[in-house]
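Read the structure below first, then the notes.
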Amino acid sequence: TTITRTAGSIVGMIPAGMFLLCSVALTVSVIKLAKRQALVQDLYCVEMLARVNVLCLDKTGTITDGTMSVINQIMLTEEDINIKPIIANMLYVTKDSNETSLALEAKYGRSKRCKSIADLPFSSQRKYSAVNFENAGTFYLGAPEFVYRTENVSLKHKIEKYASQGCRVLLLTHTQSCPKDDVVPSNAKPIGLIVLQDHIRDDVFETLEYFRNNGV
């Protein structure tokens with residue numbers, strides 16, 4: 001009789017006991033993760049994390065800190081052209097203030113050197129900015145495929161080389177035509193490539209190495 005009663009009491013405790021045991025185990029795990037500066041929103045996330053073998057991350061704000069810098073400049077013309085004052089004047093005229101323009105400003109400055117006649121500030125739709133300077137024609141700066149439509153294998157290889165390394169590539173082109181209706185003239189000539197790179201967070205390598213060592 002004693003054995004039967006004891007067994008009945010233990011069996012009755014199992015559902016509640018298992019729930020309590022799991023809650024305690026998950027709570028201890030959350031505390032350990034907190035000591036590693038990891039924020040856990042729900043207890044069951046610990047169990048989900050244990051099953052992760054693939055981690056998908058976006059780049060900006062996660063792997064990088066959102067800032068950029070110019071790391072290279074490749075001239076594409078044999079003409080003696082200094083693109084520094086061109087970029088500085090374009091930035092002054094368009095007054096762009098995105099992360100790309102801030103990186104360009106850090107490299108080339110922002111100053112007025114020539115009088116502008118017309119301009120197109122950068123927009124996410126057109127993917128470029130343009131400024132027509134008095135007696136100097138129009139300069140376009142933006143995504144290569146939007147500011148230069150002509151097929152150029154050599155130029156394409158240069159762009160793909162840096163793009164494959166995770167860099168952002170801008171192309172500067174020139175034409176005598178005035179910017180009109182958001183259409184880049186077909187006679188635009190490539191002047192130079194500007195290569196920018198996102199700044200990677202200092203702790204990214206350590207964090208990714210931790211996941212790699214844990215089979216993720």
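The values are calculated or read from the model by the stated rules, or taken from the named source; none is laboratory data. None of the values given here were measured: they were computed from a predicted structure. Cβ placement follows ideal geometry from the backbone for every residue including glycine, while neighbour counts extend to all protein chains displayed. Quick note on the areas: whole protein, heavy atoms, side chains included, nothing else; ligands and nucleic acids left out. Shrake-Rupley method; radii C 1.70, N 1.55, O 1.52, S 1.80 Å.
Tabulated data
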| item | result |
| --- | --- |
| Under-5 Å amide H pairs with GLY192, H placed in peptide plane, nonlocal only | LEU76, LEU172 |
| Calculated [θ] (222 nm, deg cm²/dmol) that DSSP helices of n ≥ 4 give over the chain, each run adding -39,500 (n - 2.57) | -12500 deg cm²/dmol |
| Descending semi-axes in whole angstrom, ellipsoid equivalent of segment 21-166, from the Cα gyration tensor | 48, 18, 13 |
| Set of lysines with alpha-carbon distance to LYS189 below 25 Å, sequence-local pairs under 8 removed | LYS84, LYS95, LYS107, LYS112, LYS115, LYS127, LYS156, LYS158, LYS161, LYS180 |
| Carbon/sulfur fraction of accessible area - the chain, other protein chains in place, 1.4 Å, % | 55 percent |
| Heavy-atom surface of the chain, accessible at 1.4 Å and reported per residue (Å²) | 67 Å² |
| Local net charge near ASP58, Cβ-Cβ under 14 Å (Lys/Arg +1, Asp/Glu -1) | 0 |
| Furthest towards positive pole of dipole, VAL46, PRO144, THR175, structure part the chain, Cβ charges | VAL46 |
| Cα shape, segment 107-186, gyration tensor, a/c 1.5 rule | prolate |
| Farthest positive-ward along the chain dipole, Cα basis, beta-carbon charges - from VAL131, ALA34, GLN73 | ALA34 |
| Accessible area (Å², 1.4 Å probe, nearest 10) - ARG212 | 140 Å² |
| Rounded to the nearest 10 Å², the accessible area of THR60 at probe 1.4 Å | 80 Å² |
| With at most 12 other Cβ atoms within 10 Å, longest stretch of the chain clear of loop GluC sites (Glu not before Pro) (DSSP) | 1-77 |
